Amino acid sequence: MSAGQSNSKTLLVLGLVFLVSGIGVYFALAQPAEQTPPALAISPDTSSAPISIPGGTYLIGNDAGPRDTRPARRIQLKPFEIEPTEVTNAMFAQFVQATGYQTDAERKGYSLCFDEHSRQIVRRQGAHWQKPDGPDSSILGKETFPVVHVSWYDANAYAKWAGKQLPTEFQWEAAARGQSLGSDFPWPVDSDQKPHALANLWQGEFPLRDQTLDEFHGVAPVASFPPTDHGLYDLAGNVAEWTSSDYAEDSYDLVGEANPTGANRSDMRVTRGGSWLSSDQTGVSEAAVWYRGKLTPESSTNFTGFRCVSNGEPAR
């Protein structure tokens, strides 16, 4: 074999080696990185069977309440099912394990927290659903606590994954009020128990001192207090709950009578039920069944969570 032929073969072999290597690098770089869900040491699902809310006529609003709760109206709702508790850390962990989902707070690197020292709502770096008090905190051992630091978008993503929806604010109020026309809270009007025995609320002068008569300062495990007649827990206090409804101050002037969903468009979403920060020192409690809170949909806090409904219709 001549030297020229030998050199040609050598160059051909080297060319093939580089070609194969190049193809391997191309495919390694071209393939999308596999999203491995985080390994969360969270106990199994703690959810229980949903509660059926019958269709019929329900009262919404309060003529003596804030402007955005007036006028009180009667509406017609189709039957639906609602989860008995707020979505827990364990339930949300299953969603994250299955999808690799990252919450808005995780992507942004911060969330909103009530700060014990300044007694204000502050932006806390490193706070998210798995680290509710910041980088040094954890949810391990808190599987049955409601998930917090979830935005409206996060809550909606979970609901869709679960094959459910966020409730409209009117479904939420119907579930909380029942077909009673007189109660301001999810417990009977004639209850002889004090509010601190019925819900996780702020007792004392907010934000100076929480007397913790309910034995909790901060979020409590779900179902720590008695259920409603329907078998629903924590509709007053603990964490405020996202709804699917857009917020408008004049919603009750405009909403239709049959299965209303809320305002047509808004920069805010309605929250319901108040939270562990709610007090009635101003004469109006955020924990009242008719009280309408509001947040921008990208907001996440250590006092806001959610629960889901099923009504046989596509998620909004």
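What follows is calculated from the coordinates using simple rules that are stated; it is not laboratory data. Note that the structure is predicted; figures quoted are calculated from it, not measured. Methodologically, a virtual Cβ is constructed for each residue, glycine included, from the backbone with ideal geometry; neighbour enumeration extends over all protein chains shown.
Starting from the range 83-188, pick out the GluC sites (Glu not before Pro) whose DSSP state is loop and whose Cβ has at most 13 other Cβ atoms within 10 Å.
Qualifying residues, ordered by number: E116.
How big is the dipole moment of the range 53-310 about its Cα centre under a simple scheme where the beta carbon of each Lys and Arg is +1, that of each Asp and Glu is -1, and everything else is neutral? Debye, nearest 20, please.
I would put it at about 560 debye.
Fewest first, what order do M268, M91 take by the number of other Cβ atoms within 10 Å? Spell out each step's value before the answer.
Values: M268 17, M91 25.
With the sparsest Cβ surroundings first, the list reads M268, M91.
Let me check the size of the range 168-299 from its C-alpha atoms; what are the radius of gyration and Dmax in Å?
14.9, 44
Considering only DSSP states other than H, G, I, E and B, which trypsin sites (Lys or Arg not before Pro) in the range 74-160 qualify as loop sites with at most 15 other Cβ atoms within 10 Å?
Taking the range 74-160 and a limit of 15 other Cβ atoms within 10 Å, the loop trypsin sites (Lys or Arg not before Pro) found are R119.
Work out how far the C-alpha atoms of the range 105-223 reach from end to end along every principal axis, then list the three figures in whole Å, largest first.
46, 40, 26
Just to confirm a number: summing +1 for Lys and Arg and -1 for Asp and Glu over residues other than T57 whose beta-carbon lies under 14 angstrom from that of T57, what do you get?
Charge balance near T57 sits at +2.
Using the structure shown, select from K78/K160; K108/K160; K160/K294; K194/K294 the pairs with a Cα to Cα distance greater than 30 angstrom. Walk me through the intermediate numbers first.
On the way: K78/K160 20 Å; K108/K160 22 Å; K160/K294 22 Å; K194/K294 27 Å.
In this structure, not one pair exceeds 30 Å between Cα atoms.
Once you list every other residue whose beta carbon is under 13 Å from the beta carbon of A197, what net charge do they have if Lys and Arg are +1 and Asp and Glu are -1?
Once all neighbours under 13 Å are counted, the net charge is -2.
Quick check: convex hull over the Cα atoms of the range 53-310, volume per residue in Å³, rounded to an integer?
Values: hull volume 31.2 nm³, N = 258.
With only Cα atoms used, the range 53-310 gives 121 Å³ per residue.
Give me the extension gain from N264 to Y101: residue separation times 0.36 nm, minus the current Cα-Cα distance, reported in nm with one decimal. Write down the numbers at each step before the final one.
Values: separation 163, 0.36 × 163 = 58.68 nm, distance 2.84 nm.
Length difference between fully extended and current span is 55.8 nm.
Taking the beta-carbon count within 10 Å as an exposure proxy, list V96, V289 from fewest neighbours to most.
Ordered from fewest to most neighbouring Cβ atoms within 10 Å, V96, V289 come out as V96, V289.
Which ³J(HN,Hα) values, rounded to whole Hz and listed in residue order, are derived for the range 82-89 from phi using the Karplus coefficients 6.51, -1.76 and 1.60 in 6.51 cos²θ - 1.76 cosθ + 1.60 with θ = phi - 60°, glycine and proline given as x?
So the J values, rounded to whole Hz, are 10, 5, x, 10, 5, 5, 8, 4.
Tell me, K194, K131 in order of fewest to most beta-carbon neighbours within 10 Å?
So the ranking, lowest neighbour count to highest, is K194, K131.
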